[in-house]
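Trainee: What follows is a structure written as structure tokens; I'll ask about it next.
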Amino acid sequence: MRDEVSALRTVAAYQFGSGAGQALVPDDVTVTHTSSGRPRQLHTETGRLATYGTDGRFTLGVTGGRRLQGALRRPRYRVVVGDESRPYVAEGRNAFAKFVREVDTGIRPGDEILVEHTGGDLLAVGRARLSGTGVGSFGTGVAVTVREGVGGASSAERA
């Protein structure tokens, strides 16, 4: 188990940067496995941190997003939206480029990211649809496909 935790921390640090390994894979993590023994879900008593995908990358849960938010300095892996988007994104709806107020210019399409309010509250976790620089250039369309909002609704539950 110790070697597995260490390996998962290395993956998290590679994917999100320095400090992310300990934040996303804490000492009290519980790892569930697939039938073949591959790591799949990471949980703590407070909730799901992340899912370890077959592509070797993590997809975040809100609990993991909160932990990552505390470990990474703003604006790393963040899209920041204003008051007009706050209730929609928090309930699990996608974040649109025209409402983005700040963005990490290093974000690439497909990256796992945090969606924050300008006041610093985490609103959701999801996958970037546009690059960080593209958000400002396009000014329209979906910037982040939200997987889970802090309000609890996920895109799968709404479908």
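The values are calculated or read from the model by the stated rules, or taken from the named source; none is laboratory data. Bear in mind the structure is a predicted one, so any value in this text is a computation, not a measurement. All Cβ positions, even for glycine, are placed from backbone atoms using ideal geometry, and neighbour counts span all protein chains on display. Just the protein is used for accessible areas: all its heavy atoms, side chains included, with ligands, DNA and RNA removed. Shrake-Rupley method; radii C 1.70, N 1.55, O 1.52, S 1.80 Å.
Trainee: Give the percent of DSSP beta bridges with both residues in the chain that are antiparallel, rounded to the nearest 5. All intermediate terms of the calculation are to be shown ahead of the outcome.
Mentor: Numbers: 27 of 31 bridges.
Bridges in the chain are about 85 percent antiparallel.
Trainee: Let me ask something additional. Only four residue types carry charge here, +1 at the Cβ of Lys and Arg and -1 at the Cβ of Asp and Glu. Report the dipole size of the chain about the Cα centre in Debye, rounded to the nearest 20.
Mentor: Numbers: 21 positive and 17 negative charges, 62 e Å.
The dipole magnitude comes to about 300 debye.
Trainee: Counting only protein heavy atoms and using a 1.4 Å probe, what share of the accessible area of the chain belongs to carbon plus sulfur, as a whole percent?
Mentor: Roughly 49 percent, rounded to a whole number.
Trainee: Follow-up question, since we're still on this one. Expressed as a rounded percentage, what relative contact order does the chain have, with Cα pairs under 8 Å and six or more residues apart? Let's see the in-between values first.
Mentor: Working: 333 pairs, mean separation 28.5, N = 159.
After rounding, I find 18 percent.
Trainee: I need the shape label for region 62-157. Rule: rounded when a/c is under 1.5, else prolate if a/b > b/c, else oblate, with a, b, c from the alpha carbon gyration tensor. Spell out each step's value before the answer.
Mentor: Details: a/c = 1.41, a/b = 1.16, b/c = 1.21.
Rounded shape, in that the Cα axes give a/c under 1.5.
Trainee: Taking 0.36 nm per residue of sequence separation and subtracting the Cα-Cα distance, how much length would be gained by fully extending the chain between THR54 and SER35, in nm to one decimal? Display every interim value, and only then the final one.
Mentor: Details: separation 19, 0.36 × 19 = 6.84 nm, distance 1.32 nm.
Computed gain between THR54 and SER35 is 5.5 nm.
Trainee: For region 127-132, in order, what is each residue's ³J(HN,Hα) by Karplus, 6.51 cos²θ - 1.76 cosθ + 1.60 with θ = phi - 60°, in whole Hz (x at glycine and Pro)?
Mentor: 10, 5, 9, 10, 6, x
Trainee: What accessible area per residue comes out for the chain, rounded to a whole number of Å², with a 1.4 Å probe? Could the numbers behind the result be given before it?
Mentor: Details: 7790 Å² over 159 residues.
For the chain, the per-residue accessible area is 49 Å².
Trainee: Follow-up question, since we're still on this one. What order do HIS43, HIS33, HIS117 take when sorted by accessible area (1.4 Å probe), most exposed first?
Mentor: Working: HIS43 65, HIS33 85, HIS117 15 Å².
The ordering from most to least exposed comes out as HIS33, HIS43, HIS117.
Trainee: Still on this model: Which Cα, out of THR51, VAL135, LEU122, lies furthest along the positive dipole direction of the chain (beta carbon charges, K/R +1, D/E -1)?
Mentor: So the residue we want is VAL135.
Trainee: Tell me, how many Å apart are the Cα centres for region 79-134 and for region 19-41?
Mentor: 25 Å
Trainee: For GLU102, enumerate residues with amide H under 5 Å from its amide H, sequence gap 5+ or separate chain, H modeled in the peptide plane.
Mentor: Those qualifying (amide H under 5 Å, at least 5 residues apart or on another chain) are VAL80.
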